[in-house]
1. Dipole of region A:47-123 (Lys/Arg Cβ +1, Asp/Glu Cβ -1, origin at the Cα centre): which of A:Ser72, A:Thr55, A:Thr94 lies farthest to the positive side?
2. Can you figure out the FRET efficiency of B:Val129 with A:Arg368, using R₀ = 41 Å and their beta-carbon distance, to the nearest 0.05?
3. Quick check: at a probe of 1.4 Å, how many percent of the accessible area of the protein assembly as shown sits on carbon and sulfur atoms?
4. Quick one: accessible surface of B:Glu138, probe radius 1.4 Å, all protein chains present, in square angstrom to the nearest 10.
5. Return the whole-Å distance between the Cα centroid of region A:405-423 and the Cα centroid of region A:173-226.
6. Need one number: nm distance between label points at A:Thr330 and B:Ala23, each 7 Å from Cα along Cα→Cβ, rounded to one decimal.
7. Counting only other chains, and only Cβ atoms inside 10 Å, what mean value do you get across the residues of B:135-145?
8. If you project the alpha carbons of chain A onto their three principal axes, what span does each projection cover, largest first, in Å?
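The values are calculated or read from the model by the stated rules, or taken from the named source; none is laboratory data. Quick caveat: nothing in here was measured; it's all calculated off a predicted structure. Don't worry about glycine lacking a Cβ; one is built from the backbone with ideal geometry, like all the others, and counts go over all protein chains shown. Just so you know, the surface numbers come from the protein's heavy atoms only, side chains and all, with ligands and any DNA or RNA stripped out. Shrake-Rupley method; radii C 1.70, N 1.55, O 1.52, S 1.80 Å.
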Amino acid sequence: MAKYNDHLGRPIVAVTGIGVVTSLGVGKADNWAALTSGRSGIHKITRFPVEHLNTTIAGTVDFLPSSNKGASALTFELAERSGREAIAEAGLDTENFGGPLFLASPPVELDWHDRFALYLDGKEGSATDRLFTVARNLPSLDIFETSQFGSIAARLADEFGTRGLPITLSTACASGATAIQLGVEAIRRGECERALSIGADGSATAEALIRFSLLSALSTQNDVPEKASKPFSKDRDGFVLAEGSAALVLESLESAVARGATVLGILQGCGEKSDDFHRTRSKPDGSPAIGAVRAALADAGLGEDGIDYVNAHGTSTPENDKMEHLSLSTVFGERMRATPISSNKSMIGHTLSAAGAIEAAFSLLTMREGVIPPTINYDNADPAIELDVVPNKKREAQVSTVLSNSFGFGGQNTCLVMAREPV
Amino acid sequence: MSAHDVVITGIGLVSSLGEGTDAHWQKLTATDAAPTVDAERYSPYSVHPLPEIDWGLQIAKRGDQRQMETWQRLGTYTAGLALDDAGIKTDEALCATMDMVVAAGGGERDGTVDNAILEASETRNDRDVLLNEKLTTELRPTLFLAQLSNLLAGNISIVHKVTGSSRTFMGEEGAGVSAVDTAAARIRSGQSTHVLVGGAFQTEHPDMLLGYELGGYLHRGPWKPVWQREGGEGGGVVSGSGAAFLVLESREHAEARGARIYATLGPVVSDLTRRRKQDLGEAIAGLLDKTNLPANGQLLAMSGASGAHAATKAEKAALERNPQLVARAFGTLTGHMKEAQFPFAVALAALAVNRKAGYPAFDAANEKAYEGTPRSVLATAIGYHYFEGLALVGAPD
């Protein structure tokens with residue numbers, strides 16, 4: 001059955017379910033409508049006070065029941081919402097998914113509100129003694145669960161009936177793409193017929209904002225929040241912290257066809273290459289990102305002429321956008337000038353651990369709908385970056401293949417190649 | 001035997017017992033093996049502290065050392081030991097094509113800043129504003145990176161030039177299990193030829209202990225061996241600082257470069273047992289059934305049991321149900337090393353196979369004698385709260 005195997009003889013991996021939540025709304029329909037009309041989800045922060053902060057805007061998800069209950073609760077709810085949408089669309093049992101779970105989510109830490117509460121409940125001794133005395137007498141495991149790195153995935157595994165030990169992973173801002181890659185690889189190795197890959201991030205706390213701010217990574221263009229994220233523009237000054245999630249049901253094409261599922265797209269190739277240059281900066285020659293793009297093309301069995309559209313990492317930081325342009329123009333040469341590329345982050349901000357998954361979801365919708373979402377806020381082109389960024393307005397186009405880039409702190413570079421139809 | 005068999009060709013170990021395979025083998029096979037315990041610093045909790053480490057031996061640049069807190073330094077150092085042991089460390093080409101899967105939690109927060117905020121919170125009602133005020137002015141800008149989970153792998157890339165691919169798995173003991181499992185699966189399928197896999201845990205920070213104690217899991221009072229903590233004060237876990245990294249290779253790749261093969265890595269099985277609804281002991285027995293245990297003779301089981309009452313009791317029962325199994329809970333001597341626990345268990349299993357000898361009982365009252373030459377050794381990590389994993393390590397030939 002050659003048509004179910006790819007150019008390397010591995011099972012072809014189809015996408016049969018997609019779920020999305022961002023600051024633009026819950027679900028694919030709302031998100032896609034907003035994204036293609038060029039609407040931004042970036043707004044002034046109301047979740048916590050912004051006194052003393054240089055950045056006072058974000059793309060937080062403020063409309064869920066867990067939005068004010070801490071990073072752990074919100075990350076779980078985001079993952080749960082998108083996971084449910086994806087499994088339902090795939091026509092599978094939302095309580096008995098029957099494949100492994102790969103979750104990209106932020107590293108957990110004790111929420112400050114819990115830390116304050118523990119401390120203030122204590123009576124004697126040093127701050128540390130007080131925390132411990134209260135901790136060991138807690139009546140429930142609620143706070144404990146928020147401090148365990150595997151607990152969100154364990155809850156999701158319970159709820160969706162995924163199989164085996166769930167994997168929680170972090171490759172920083174490439175995490176969402178890595179979660180998809182792990183699912184693709186598990187299916188290709190024949191370990192399972194389907195996998196659930198989710199990227200979720202509800203960790204936009206004050207401390208997270210401050211940490212990125214101290215690294216000078218965030219935009220401080222607070223005055224008009226929806227204009228702050230301006231990938232590839234000359235006056236870009238940093239990313240906008242954001243939240244969201246996306247889930248993909250990945251399935252061997254053979255299994256999808258056999259059960260009559262609608263194939264929403266093909267996960268054709270994955271590539272990665274790590275960078276040993278610096279903790280936050282890329283190697284000046286861009287070689288690791290270049291290597292990741294090339295590895296993804298090779299894995300997909302495509303040449304340099306094989307990509308119709310690039311869903312950019314496009315964070316709107318001076319460094320990323322410059323390096324991404326360098327990498328892409330090195331791989332694709334002159335062809336890159338004529339290849340449309342846009343950044344979803346211009347509208348939804350940088351959803352960190354979720355970004356790779358959300359942008360893969362939007363890449364699949366781009367092919368399916370024949371519409372490329374724009375890069376908004378592109379009013380002042382960076383002359384050093386000559387790209388067709390699909391400025392400000394959506395574009396109708398037949399897109400058969402997409403390259404989606406994800407680059408993260410710690411030298412993480414992961415690229416996905418998706419196709420509309422199996423080759 | 002096949003070309004894509006997974007073999008172990010490098011081991012890096014650090015624990016309170018010392019560093020390196022020789023030091024661990026000597027300490028763990030001594031008849032009077034005694035743990036190094038610090039019962040004072042975090043009283044009423046005991047910890048097994050890190051030994052003295054000359055970081056410069058594996059992390060040459062002081063600038064790199066300064067960019068990491070102890071947890072990342074420990075992992076990066078131990079990864080270097082494993083690469084050295086495998087004869088890969090100075091081979092740039094091999095490092096550049098090497099894949100990596102790291103099991104990680106998080107790094108150390110700045111306790112001084114945190115405690116100052118807590119103390120100030122007693123006289124302030126606007127605690128969120130207080131947070132902004134203190135964190136914006138008192139946090140060291142690069143501390144975030146020194147804490148970030150995937151930056152252990154990031155630092156290994158920077159310091160040791162391991163740059164094939166880099167994934168970080170999170171989730172306590174389960175992260176270590178999945179890391180080893182995924183690395184082995186990549187090799188078996190021909191996706192990778194050589195992989196660095198492991199984890200580190202630095203327990204000597206209040207937050208690292210709090211991570212257990214929020215669930216009431218820590219043992220209090222005088223130190224006891226892992227199997228003897230049932231009924232004692234507290235939850236049964238005594239943690240330890242330590243790290244374990246392995247170099248896994250396809251047999252073909254290892255033989256082609258003439259590498260020393262410690263052992264083969266056989267099946268890795270794992271699960272997430274719904275412990276509230278399902279009997280954990282039976283679940284572990286079910287996993288043992290899937291591990292293809294050899295039919296005859298004693299089988300050494302390097303148990304990663306944490307001491308946590310319910311999980312340890314269930315594991316003991318499951319291991320005892322099979323009269324063939326001879327358990328060695330190494331946590332008695334090293335403490336519980338969370339994400340590093342499973343890689344550590346696999347490493348100790350590989351050492352026994354390689355040195356053709358078992359370990360004496362670490363707790364003679366609860367562990368049977370082992371006689372003979374181990375050709376297979378089991379490694380376990382049954383999570384203190386959730387996640388279960390087993391692996392069978394075998395002789396190289």
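1. Value: A:Thr55.
2. 0.30
3. 48
4. Accessible area, nearest 10 Å²: 80 Å².
5. The distance from the Cα centre of region A:405-423 to that of region A:173-226 comes to 13 Å.
6. Computed distance between label sites A:Thr330 and B:Ala23 equals 4.0 nm.
7. If you average over the peptide's residues, the count of other-chain Cβ atoms is 5.
8. The principal-axis extents, from largest down, are 68, 50, 40 Å.
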